[in-house]
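Each remark here refers to the structure printed beneath this line.
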Amino acid sequence: MEYDKQIRYNDSQMERYQAYISKVQKIKRLDKRTKEMTIGDVIKISILPLTFMVFWFWMTKTIMKVSGQTDWFWWIFIAGLPFGIHKMRLILIPRGMDTTATLGMAALSVIIGALIGSIMIPVYVIRAIYVFIRYIIER
């Protein structure tokens, strides 16, 4: 004997099921936020990025010295490069164009990435400080 059963939900059952699913998803999101921070999380999210930033800023400041003074515009521009290129999500390189247009679009992508990075630097610093303070308060 073949057993063919089709599950049919009425409206009230479907509403209860959707409410249950949204409650479970909300709990999962809260679990990530309320998860206790370990020292490994703090090192990975806070200390290592800040150490890299300090090293990168020191290195670019040394490079951008012109006759004993730092050119601040170029320093901010170069310092933002590693923090903004990956935020672009797209590097504009045209197809079927000549070499000049391709190089121009690549240069424009680098410029836009550096500007985005110079804006994102304070966001990364604030996030790192927040994670560090959150870890200290939880202890």
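Just so you know, all these numbers are worked out from the coordinates, no wet-lab data involved. Keep in mind that this is a model prediction, so the values were computed, not measured. Here Cβ is always computed from backbone atoms with ideal geometry, including for glycine, and neighbour counts include all displayed protein chains.
What does the charge add up to near Trp75, with Lys and Arg as +1, Asp and Glu as -1, over the other residues with Cβ less than 11 Å from its Cβ? For residues surrounding Trp75, the net value is +1. The smallest convex shape that holds all Cα atoms of segment 44-113, its convex hull, gives 104 Å³ per residue.
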